[in-house]
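Since the structure comes first, as structure tokens, the remarks are kept for the end.
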Amino acid sequence: MDVVLVPTPATLYGDFLPSSVPKKYRTACRERTAGYTPLLKLEQRSPVNFLFPFLEMKELRLDEGFFPKGNWHPTGLSLKIIRDAYMRRLGVNAEVKDVLTKTTGPSELLLSHGIEWPLPVYVVSKTPVVLDQQKTTSLTQALADLFPRSGVVASAFRSEKSGRRRIDPEGLRFIRQPCGARVRGRLSRIQARHDQ
């Protein structure tokens, strides 16, 4: 079994809390950001393949597009760092040919309230993969009722190369909402429709 526990902004940026936060919380958060966390020890002793890529992520945390302000989930470059750390843990030494582009994107926390605030973010792309606008529209519509308050931000991509193996949606485990099983089930039905 593989378990990848991703550090949140509270873990990566705990030392940036303002003095208005009570001292006991600031102290605890600063200690965690300094690396005093049992998760790093668990990573070394775990009976499962456990990864907590805190140190890898901490190295790049000061880049404003690494883990965008106003986001709770990693995106772009921070996801690439997590993926690369996981591949190293598995002993996979294959080179992944990504293209990193610094651009802007909305804050996911503010977007859920209808506020679009463009923030620096990296987009990681592979050149043979392109946005499929028709499937993006279809995917967004199919998932809309699962997120009635916040709305859906989704994208569907297609490979420019034919004959590539599809990812099985039932094997998908990185769902960024608490209703992961419902979303996976919906994705399976969507994939089945597109395969017909």
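Any read-out appearing in this document is the output of simple, stated calculations on the displayed coordinates, not a laboratory observation. What you see is a predicted model; the values in this text were computed from it and never measured. All Cβ positions, glycine included, derive from the backbone under ideal geometry; neighbour counts span all protein chains shown.
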Report task. Please arrange Met57, Met87 by counting, for each residue, the other beta carbons lying within 10 Å of its beta carbon, fewest first. Result -> Met87, Met57
Query raised in the report: How would you classify segment 50-161 from its alpha-carbon gyration tensor, with a ≥ b ≥ c the square roots of the eigenvalues: rounded for a/c under 1.5, else prolate if a/b is greater than b/c, otherwise oblate?
Result: oblate
Query raised in the report: All other residues with a Cβ under 13 Å from the Cβ of Glu31 taken together, and with Lys, Arg as +1 and Asp, Glu as -1, what is their net charge?
Result: +4
**Report entry** Net charge of Cβ neighbours under 12 Å - reference Arg61; Lys, Arg +1; Asp, Glu -1
**Finding:** -3
Report task. Just check segment 1-93 against the gyration tensor rule for me: Cα atoms, a ≥ b ≥ c as the square roots of the eigenvalues, rounded for a/c under 1.5, and otherwise prolate or oblate depending on whether a/b exceeds b/c. Result -> oblate
**Report entry** Interchain or long-range residues, amide H under 5 Å from Trp117's placed H
**Finding:** Ser107
Requested in this report: Grab the beta carbon distance between Val130 and Ser46, set R0 = 45 Å, and tell me the FRET efficiency rounded to 0.05.
Outcome: 0.70
Report task. Just rank Ser155, Ser112, Ser78, fewest to most, by other beta-carbon atoms within 10 angstrom. Result -> Ser155, Ser112, Ser78
Requested in this report: Rank the residues Glu95, Glu31 as a footprinting-exposure proxy: fewest other Cβ atoms within 10 Å of their Cβ go first.
Outcome: Glu95, Glu31
